[in-house]
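Attaching a single structure in structure tokens format; questions to follow.
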2 protein chains.
Amino acid sequence: MSGRLPGVAERAAALDAADPLAWCRAEFVEGEPPVRAYLDGNSLGRPLRATAARLQELVVGAWGTRLIRSWDEQWMQLPLELGDHLGRVCLGAAPGQVFVGDSTTVLLYKLLRAAVADAMERGRPQLVLDTENFPTNRYVAEGVAAETGAELVWLSPDPARGVELEHLREHLGERTGVVLVSHVAYKSSWRADLAEITAAAREHGALVLWDLCHSAGVLPVDLDAADVDLAVGCSYKFLNAGPGGPAFGYVATRLQQRLSQPVQGWMGHAEPFVMGPGYRPAEGVRRFISGTPPVLAMAGLADTVELVDRVGLEAVTTKALALGAFVVEVVDEHLAGLGVGVASPRDPGRRGAHVTLTHPDARELCRRLWEVDVVPDFREPDVVRLGLAPLSTSYAEVATALEEIARLLD
Amino acid sequence: MSGRLPGVAERAAALDAADPLAWCRAEFVEGEPPVRAYLDGNSLGRPLRATAARLQELVVGAWGTRLIRSWDEQWMQLPLELGDHLGRVCLGAAPGQVFVGDSTTVLLYKLLRAAVADAMERGRPQLVLDTENFPTNRYVAEGVAAETGAELVWLSPDPARGVELEHLREHLGERTGVVLVSHVAYKSSWRADLAEITAAAREHGALVLWDLCHSAGVLPVDLDAADVDLAVGCSYKFLNAGPGGPAFGYVATRLQQRLSQPVQGWMGHAEPFVMGPGYRPAEGVRRFISGTPPVLAMAGLADTVELVDRVGLEAVTTKALALGAFVVEVVDEHLAGLGVGVASPRDPGRRGAHVTLTHPDARELCRRLWEVDVVPDFREPDVVRLGLAPLSTSYAEVATALEEIARLLD
């Protein structure tokens, strides 16, 4: 059992033995063959066995047997019911504020357009975001600014960290309309202070739109408690909905009547099946839905929310941060001398559920790791991200990955 | 075997016996219990057995075993490769013009916005569409007009028919920018003349955006031959992708560089994984993709395109129109006296793959039909639509439905 890094495999074994979530690993589909070490659950979560079963049941039952009748029987409500469940278990959101649908990019566009239009009407043309924000967020914001005349105000945070309140404050003023922030930065894993940033923006009369892609399902996200305005997130990372799984959106109840989203579709109409002339938005959060809800693609999300509900989000968070601490410890102890740096916050209160390592040969390192069935991901220019999905990742997998990194760099 | 309508079941049996596509029914998942008569394949197509299997393989294999590596190995190309296959088999489109993604509503929004923006720049602010167009099309157009300043020009066609060239011509002029037409009208089943309308619009300097939701996979749609500009369609009707299956879009090669779509996402970027500053659209049709492709939801579409490729679209069309002719005949012969009217074109060259019946008590009739496991759909105010999906619908099912209608109205 002992490997190249003295004592590391043994520590991992002890941590796994004491892990109250260790049993959850068996809930996931085992690969054929099983993967040696999967550390990319923050890009694509693994499938639950329940999801394989749910999809089969869905194909034969609700789709294959009940056919079109399932829209009346369950599917029309599904994006809202699943949204409510997700909201309660993972987002600290009371019912009637969360819905599922669209790709993350599209849903971000819809909510950002709605927020910017509202801000422009209030004479607040500035949209504040940061250069370290996820690319699609930046591109969507550029597009929205181009079409609405909003002014983009760019923060340039420390790339090893992310958006910090003090820095943001300098850019908040009378002309600030909307602030777009990632809760956890995709590259550095910096965890922004959701409550404080929301409060500061609000104090200045701006709306905040949070990107929860890297925190939903794994970190506490208390949207109602922080009085958040708007949020979007994706379901294919820690929420295991599968490749291209749909996004979810949160619109605080107090804003639902006030905001208008641009993609007016029949599923957001007050009476979708009357099919009458003229768009009239539904009451409540349904108005932010546009097209037909993606039923198959919601299966994995439903299963993951059920599992998180069963074990409690707190246990998931605790393990995520413990896995991260283990990575940081081992890197400091054994890999620093091989040129590997930790580019994520060391403070677990400021870190998400992945740890970002740097190495000048990161690209080649990742390529070689993939060859030996150890799967982190590479990000330009020198980043290796280790994603730590607490429901499916063992300490042993982490140890294997770190051992292989040491071997390849040696 | 003989029922309430003399000779009808016998005729159906003879037609099924002679049907070269009869074997295809066994390719579909049999319900548990099997449905008596499903005539709503134009709202939600039935699942293929291959799709149940493909989803399982996907969950265990590409998703569960190859994990994130599948993006490199196959999924990044999937929306374009599947688009090309769909284009070749069902749409008469050469490679590089069709892609899969988004809901139909969202994709319609993206392409309509792109077309309207282009038209506005050319001093052509009018967007022409008809009051009988599918609701989401009308609502999206209203939204696009509101945000761009385009003027909506409404055609009011005969509700029992649809958009006709002569009528449309009256509304084409120097200020016409975009024409939005459904190839087959969702309510009446009127089949518009795709080639002639496209040519007329072009002659007047306008772009045409075709909605193919009710024709893709079942009727000939020769996009390249007709020199069509833009088209969208859905995959969950005759293409059997399942509830909320993704849309597909067609953008003629000659327009791809010229048009800009509003939802600028990383998946449409020239270099998605460089994640650099500034949106730069990809070459070719990829620029119309926004977010992460919905992989699970594409399974059923892939299977249906393969099946249509195997049997040939022509055979599918022939059976669709023959099923329709059978409905019209039986209604004329046996149900007209019970107050049932045929509200679809009798000319098969002008009809889609559903037949629209009218009856003053249509709503109650549909409710009762559902109770006896006969499934058409109801549309306001007095419409019963019989969807005829040639790969899965038998003449016997049609006969059963018509017998039950007769019984309930008696």
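Which one is nearest to B:D72 (Cα to Cα) among residues in region A:363-401 that are small (G, A, S) and within 20 Å of the chain's Cα centre (by Cα)?
Of everything passing the filter in region A:363-401, A:G387 is nearest to B:D72 (Cα to Cα).
Still on this structure, please answer the following. Of all residues in region B:35-60, how many are assigned to a loop (DSSP other than H, G, I, E, B), farther than 12 Å from B:V375 by Cβ and at the interface with chain A (Cβ under 8 Å from one of its Cβ atoms)?
1
Which ones in region A:155-180 are surrounded by 16 or more Cβ atoms within 10 Å (Cβ to Cβ) and either outside any loop (DSSP other than H, G, I, E, B) or not assigned by TED's automatic domain parsing to the domain that holds A:A117 (or both)?
Matches in region A:155-180: A:L155, A:L168, A:T176, A:G177, A:V178, A:V179, A:L180.
Suppose we filter region B:216-267 for residues that are away from chain A (no Cβ under 14 Å), farther than 28 Å from B:D377 by Cβ, of a type outside the set (A, V, I, L, M) and assigned to a loop (DSSP other than H, G, I, E, B); how many remain?
Looking only at that region, the number is 6.
Of the residues that sit in region B:21-32 and are more than 7 Å from chain A (Cβ to nearest Cβ) and part of a loop (DSSP other than H, G, I, E, B), which one is surrounded by the most Cβ atoms within 10 Å (Cβ to Cβ)?
At the first step, the residues of region B:21-32 found to be more than 7 Å from chain A (Cβ to nearest Cβ) are B:21-28, B:30.
With the extra rule that they be part of a loop (DSSP other than H, G, I, E, B), the set shrinks to B:21, B:30.
On the way: B:L21: 20, B:E30: 14.
Among residues in region B:21-32 that are more than 7 Å from chain A (Cβ to nearest Cβ) and part of a loop (DSSP other than H, G, I, E, B), the one surrounded by the most Cβ atoms within 10 Å (Cβ to Cβ) is B:L21.
Within region A:113-129, track down each residue that is buried (at least 24 other Cβ atoms within 10 Å of the Cβ) and touching a strand residue (DSSP E or B) at 6+ places or on another chain (Cβ under 6 Å).
Those that are buried (at least 24 other Cβ atoms within 10 Å of the Cβ) and touching a strand residue (DSSP E or B) at 6+ places or on another chain (Cβ under 6 Å): A:A115, A:V116, A:L127, A:V128, A:L129.
Would you call A:G87 out of contact with any helix residue (DSSP H, G or I) (no Cβ under 9 Å at 6 or more places or on another chain), more than 9 Å from chain B (Cβ to nearest Cβ) and crowded, with 23+ Cβ neighbours inside 10 Å? It would help to see each step written out before you state the result.
Values: out of contact with any helix residue (DSSP H, G or I) (no Cβ under 9 Å at 6 or more places or on another chain): yes; more than 9 Å from chain B (Cβ to nearest Cβ): yes; crowded, with 23+ Cβ neighbours inside 10 Å: yes.
So A:G87 passes the test.
Report, by residue number, each residue of region A:342-379 that is in a loop (DSSP other than H, G, I, E, B) and not aliphatic (A, V, I, L, M).
Keep residues of region A:342-379 that are in a loop (DSSP other than H, G, I, E, B), which gives A:343-347, A:352-353, A:359-361, A:372-373, A:376.
If the condition is that a residue be in a loop (DSSP other than H, G, I, E, B) and not aliphatic (A, V, I, L, M), then A:S344, A:P345, A:R346, A:D347, A:G352, A:H359, A:P360, A:D361, A:D373, A:P376 are the ones that fit.
Taking B:A226 and the conditions (1) surrounded by fewer than 24 Cβ atoms within 10 Å (Cβ to Cβ); (2) farther than 27 Å from B:H85 by Cα, which numbered condition does it fall short on, given that it satisfies the others?
(2)
Follow-up question, since we're still on this one. Keeping to region A:268-295, report how many residues are more than 7 Å from chain B (Cβ to nearest Cβ) and not in a loop (DSSP other than H, G, I, E, B).
Qualifying residue count for the region: 7.
The values are calculated or read from the model by the stated rules, or taken from the named source; none is laboratory data. Everything quoted here is computed from the prediction, not taken from an experiment. Using ideal geometry, Cβ is built from the backbone for each residue, glycine included, and neighbour counts are taken over all protein chains shown.
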